[in-house]
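S.K.: Can you read through this structure? Questions will come right after.
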Amino acid sequence: MPALRFCELATFRQTGNLLRFPSLLPMFAHSVVAFEANIPNIRQSRAMEDKVPEPPEPPHRRAFLKKSCAVVVGSIAGAFPIATGVAVFLDPVRRKTGEANDFVSVASLNALPEDGSPVKFEVVTRRVDMWTKWDLAPVGAVYLRRIGPKSVQALNVSCPHAGCAVELISADKRYRCPCHDSAFAIDGKISNPRSPSPRGLDELEVEIRNETEVWVKFQNFRAGVHDKIPLA
């Protein structure tokens with residue numbers, strides 16, 4: 001650069017008055033034209049700087065979400081058949097044990113002594129126990145005794161204390177439990193205040209059909225409690 005123009009440029013930087021240095025006008029005009037021509041590139045560069053791209057979603061996260069969705073859908077789809085299977089499996093548990101709670105023909109009235117002495121009879125009926133069905137299977141036993149010409153009392157042989165079968169002491173006309181020595185009178189009531197049984201023997205409903213048939217509504221009751229609570 002010539003020494004004169006260099007001095008003029010230095011003076012312009014100090015004064016800022018371009019009109020005092022006409023020789024510098026072509027140089028500044030050329031710079032302005034070049035700057036205006038470069039404006040689109042400058043704007044595009046700034047736009048790219050302002051736009052910050054979002055980081056891509058990690059591939060392991062996408063895989064995790066896909067697997068999670070598959071597990072949820074599979075669990076929902078598998079829950080229905082499982083619930084159905086459980087319901088079918090537990091259905092026999094909810095049912096009553098066959099016909100044991102219905103009236104059952106137990107004995108003939110002619111088989112009972114007229115003096116009122118008790119006689120033990122096995123109760124046989126159809127039974128459904130959980131998942132097994134028996135035809136005419138024994139479900140328990142009762143003591144029957146006459147209490148009138150056409151009246152019969154039926155007592156369940158199970159002791160209300162712990163469920164053991166009571167024995168008939170014929171000589172004393174009473175019942176005794178061999179397990180814990182509970183004592184009962186001939187009518188089933190507790191005969192000894194020290195008896196561990198919480199109640200007397202469980203009396204059952206009786207019907208006389210066809211003049212001589214003794215039908216009993218056989219039922220078991222919860223042991224160890226004072227109240228007479230039927231079992232399902």
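All of the numbers you see were taken from the coordinates with simple rules; none came from a lab. In this text, all values refer to a predicted model and were calculated from it rather than measured experimentally.
S.K.: Residue separation times 0.36 nm, minus the C-alpha to C-alpha distance between residue 181 and residue 126: what's the value?
M.R.: Working: separation 55, 0.36 × 55 = 19.80 nm, distance 3.27 nm.
The residue 181-residue 126 span can extend by a further 16.5 nm.
S.K.: A further question follows. For segment 131-211, what is the convex hull (Cα atoms) projected area averaged across all directions, in square nanometres?
M.R.: On the way: hull surface 29.7 nm².
With every direction weighted equally, the projected area is 7.4 nm².
S.K.: What span do the alpha-carbon atoms of segment 98-232 cover on each of the three principal axes, reported in whole Å from largest to smallest?
M.R.: 40, 40, 21
S.K.: Sticking with this one: I'd like the Karplus ³J(HN,Hα) series for segment 144-160: coefficients 6.51, -1.76, 1.60, θ = phi - 60°, whole numbers in Hz, and an x wherever there's a Gly or Pro.
M.R.: These are the phi-based 3J(HN,Hα) values: 10, 8, 6, 10, x, x, 10, 10, 9, 9, 10, 10, 5, 6, 6, 6, x Hz.
S.K.: Starting from the amide H of residue 161, placed 1.01 Å from N in the peptide plane, find each other amide H under 5 Å away whose residue is 5 or more places distant or on another chain.
M.R.: For residue 161, whose amide H was placed from the backbone, the distant partners under 5 Å are 224.
S.K.: Here's another thing I want to ask about it. Can you list residues from other chains, or at least 5 along the same chain, whose modelled amide H is less than 5 Å from the amide H of residue 221?
M.R.: 231
S.K.: Then there is this: What are the residues whose amide H is under 5 Å from the amide H of residue 191, where those residues sit 5 or more places off or on another chain and H is modelled from the backbone?
M.R.: Answer set, sorted by chain and number: 183, 184, 185.
S.K.: Another one. What does the convex hull of the Cα atoms of segment 189-232 come to per residue, in Å³, rounded to a whole number? Display every interim value, and only then the final one.
M.R.: Numbers: hull volume 3.4 nm³, N = 44.
Here the figure is 78 Å³ per residue.
S.K.: Each residue of segment 163-172 in turn: what ³J(HN,Hα) in whole Hz from Karplus with 6.51, -1.76, 1.60 and θ = phi - 60°, glycine and Pro shown as x?
M.R.: With the stated coefficients, segment 163-172 comes to x, 6, 7, 7, 10, 8, 9, 4, 4, 9 Hz.
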